[in-house]
Structures are given as structure tokens and as C-alpha cells.
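What follows is a short report on a single structure.
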Amino acid sequence: MEKRFELDSSGIVEILGYNDKNLKPIEERFNAVISVRGNTVFLKGEEDELKVIEKIFREMIYVYNTAGQLKPEDVSTIIDLELEGKQVVSKEEINNIVLYTKQGVIRAKTPNQIKYLKAIQKNDICFAIGPAGTGKTYLAVAFAVSALKRGLVKKIVLARPAVEAGESLGFLPGDFREKIDPYLRPLYDALQDMLPLDQLRAYIEKEIIEIVPLAYMRGRTLNGAYVILDEAQNATALQMKMFLTRLGPNSKAIVTGDVTQIDLPSKAASGLVEVKDILKDIDGVAFIYFNKQDVVRHKLVKDIIDAYEKYGNGN
């Protein structure tokens, strides 16, 4: 089937992009043949696909008129939203995007996640504190991957305290990597959602992405890096200070944790609890607090958090 329609916009060159670069995301995702002459778009392909592509062009015009610009990443977002049965309803829909992946877009969804996005963009150190399932770590990793892809940083370092929850590492089977991997697995899982496996392996082999126990951060200075400390409630006060003082020029840090899930021995104070008072008035440092309304995992997670709060367990 063939179809043609007019683009009613004076910014046709900007909408299509330099050398029609804004058409490439559409051509990669659909089988239809697309050509543009003046303000007229010519399509050739399956009828259902042509209808979707026309809608995408209309949304491209809307986003350009609203935001004053249009990038290939924005077109990818429009395609994802259209295929999900959604429409781009405002400029904010674009502004809340964190990362584009082959599986779709990763974006800030709740009001606190949007505050988190803005805080990271504005500050060099950001703390995200709240319950499980609120996207603290997942979004932090997405921010870091996005910065790496855009060339804003040279590497990503992801760290976690390797707290022994009832088992001693020395008695666990396997070599050191096999012993420590279970503690770092959530970070690997997040990365595998965001990067092709071959690319992720290459990044890790070249140490462009490092996933390490927190203790391995001692003595280092990290320049041009995105540094993430996950499960920071299990970092001691000295470990927290050590981590925060690793930052070199052109680096950013995100610290995530849940102060209701502390696994440290009873005599050890949590560095995450302490740091809230120490750094609360420092420019360039932001604290974002999440609550059960920000839970984006399975709907039952929110109910489980409610149940524990009512029970008064606190753990």
C-alpha cells in the first residue's frame, strides 16, 4: 500500500533533522519505505504500519512545536510511546526520559523520581533514600549508562558493601569472584536491561564499567567517572567518608539506600544515617527521599511495605 500526507509545519528541516537523521529511528523500527519531498511524506508498506508511522510524524511535529527542538532520541521515545498505545502529552514526557534501550525507554515516572532526575542533573553528589522497589538503584544505573553513552564520563564504577548476612565469605564455596558475585548481582541485572550483553562484557573487560565491593574503593581517585554506591545503609561511617572522598574532577556520585534495612552489626553505625546530618547544608549535594507511593515493582510490593509498617517490625 502507498500513502502520502502533508506535514503542516514551518520547521520541517528541524523536524527531519540534519541529513534526515530523525528518520533513522523510524526506518530502523519499521519495514515501510519512507521518503520526504518538501512538506509531503510518501510511505510504502503494510497498511497498519503506515497508520502508525503517520501518527509518529504528527507527534514529532507536536514535540518540536512544544519543546522547540527534536532529536533522534526523542523520535525513539515517540515510537516507544506510540507502540505502547500512549501519546506524547507534554514536553515533560520527553524531559523525564533517562535512557533509551532496545527494550524501550527508562524514564522517571513518579513525582519523587522526577525530583531525583532533576537533582542528579543539578548536583555532583545525590543521595536517594527510601524503601525497596522505588527505582533508586535502577534509575541511578540508567543515569550513569546514559552519561557514558553521551561521552559525559569515561567510566562507571558501581560499588556495594559486601555485608555477610549470616554467612562468612570465607566459608562460601568458590574463588573470590564467585563469593562476591551474589552481593553485586542486582547491579549486573540492571546493566543487562540497559546494554547489549556483548557490549556490557566488553565494557567490563576494558574496565570502562567496574562492579566492585565497597572495600575496593579505598585509595582510589576517580576522574571523569559516574560512581554509584548501592545499599549504602550497610556502609559504616568511615566507609561512607572513604567513598565520598574518592571523587576526582568531572565525576558524579549517587548513593542509594534504605535506612530500614540495615544489616550492620549492632555496634556499627550506618554511614547513610549519619551523612544526612553531616552534608545536609553542602552546596552540590542533594538528598531525595522516596516512599511507598514511588514503588514501581509488582503491585504487591507496596502492599507488603504497608503490612510491615502496620506490624511495626521496621525491617
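Selection of first residues in the stretch 196-208 that are touching a residue at least 60 places away in the same chain (Cβ under 8 Å) and of second residues that are open to solvent by 50 Å² or more (accessible area, probe 1.4 Å) and not in a helix (DSSP H, G or I), restricted to Cβ pairs under 9 Å at least 6 apart or on distinct chains, gives the following pairs, ordered by first then second residue: Pro196/Lys102; Ile208/Lys154. Are any of the residues in the stretch 113-124 without any contact (Cβ under 8 Å) to a residue 40 or more places away in the chain, open to solvent by less than 30 Å² (accessible area, probe 1.4 Å), more than 17 Å from Asp80 (Cβ to Cβ) and in a helix (DSSP H, G or I)? Yes: the stretch 113-124 contains one or more residues that are without any contact (Cβ under 8 Å) to a residue 40 or more places away in the chain, open to solvent by less than 30 Å² (accessible area, probe 1.4 Å), more than 17 Å from Asp80 (Cβ to Cβ) and in a helix (DSSP H, G or I). Of the residues making up the stretch 37-70, just one is surrounded by 15 or more Cβ atoms within 10 Å (Cβ to Cβ), modelled with pLDDT of 85 or more and part of a loop (DSSP other than H, G, I, E, B), namely Gly45.
Of everything in the stretch 194-218 that's open to solvent by 70 Å² or more (accessible area, probe 1.4 Å) and either touching a helix residue (DSSP H, G or I) at 6+ places or on another chain (Cβ under 8 Å) or not acidic (Asp, Glu) (or both), which residue is modelled with the lowest pLDDT? So that I can check it myself, show each step before the final result.
So the first thing to find is which residues in the stretch 194-218 are open to solvent by 70 Å² or more (accessible area, probe 1.4 Å), and the list is 197-198, 201, 205-207, 216, 218.
This time we only want the ones that are either touching a helix residue (DSSP H, G or I) at 6+ places or on another chain (Cβ under 8 Å) or not acidic (Asp, Glu) (or both), so: 197, 201, 206, 216, 218.
Values: Leu197: 87, Arg201: 89, Lys206: 93, Tyr216: 84, Arg218: 87.
That would be Tyr216.
Taken over the stretch 136-156, the criterion of being in a helix (DSSP H, G or I) and open to solvent by less than 10 Å² (accessible area, probe 1.4 Å) is satisfied by Leu139, Ala140, Val141, Ala142, Ala144, Val145, Ala147. Only one of the numbered conditions (1) under 27 Å from Tyr216 (Cβ atoms); (2) open to solvent by less than 20 Å² (accessible area, probe 1.4 Å); (3) modelled with pLDDT under 85; (4) not basic (Lys, Arg) is violated by Ala162, and that is (2). Restrict the check to the stretch 280-287 and report whether at least one residue is within 22 Å of the chain's Cα centre (by Cα), open to solvent by less than 30 Å² (accessible area, probe 1.4 Å), of a type in the set (Phe, Trp, Tyr) and modelled with pLDDT of 90 or more. No, every residue in the stretch 280-287 fails to be within 22 Å of the chain's Cα centre (by Cα), open to solvent by less than 30 Å² (accessible area, probe 1.4 Å), of a type in the set (Phe, Trp, Tyr) and modelled with pLDDT of 90 or more.
If you go through the stretch 6-35 and keep only what is open to solvent by less than 40 Å² (accessible area, probe 1.4 Å), more than 16 Å from Glu82 (Cβ to Cβ) and either in contact with a Pro (Cβ under 7 Å, 6 or more places away or on another chain) or not in a helix (DSSP H, G or I) (or both), you end up with Leu7, Ser9, Gly11, Gly17.
The values are calculated or read from the model by the stated rules, or taken from the named source; none is laboratory data. Keep in mind that this is a model prediction, so the values were computed, not measured. Quick reminder, even Gly has a Cβ in these numbers, built from the backbone with ideal geometry, and neighbours come from all protein chains shown. Side chains are part of the model used for accessible areas, which takes the heavy atoms of the whole protein and leaves out ligands, DNA and RNA. Shrake-Rupley method; radii C 1.70, N 1.55, O 1.52, S 1.80 Å.
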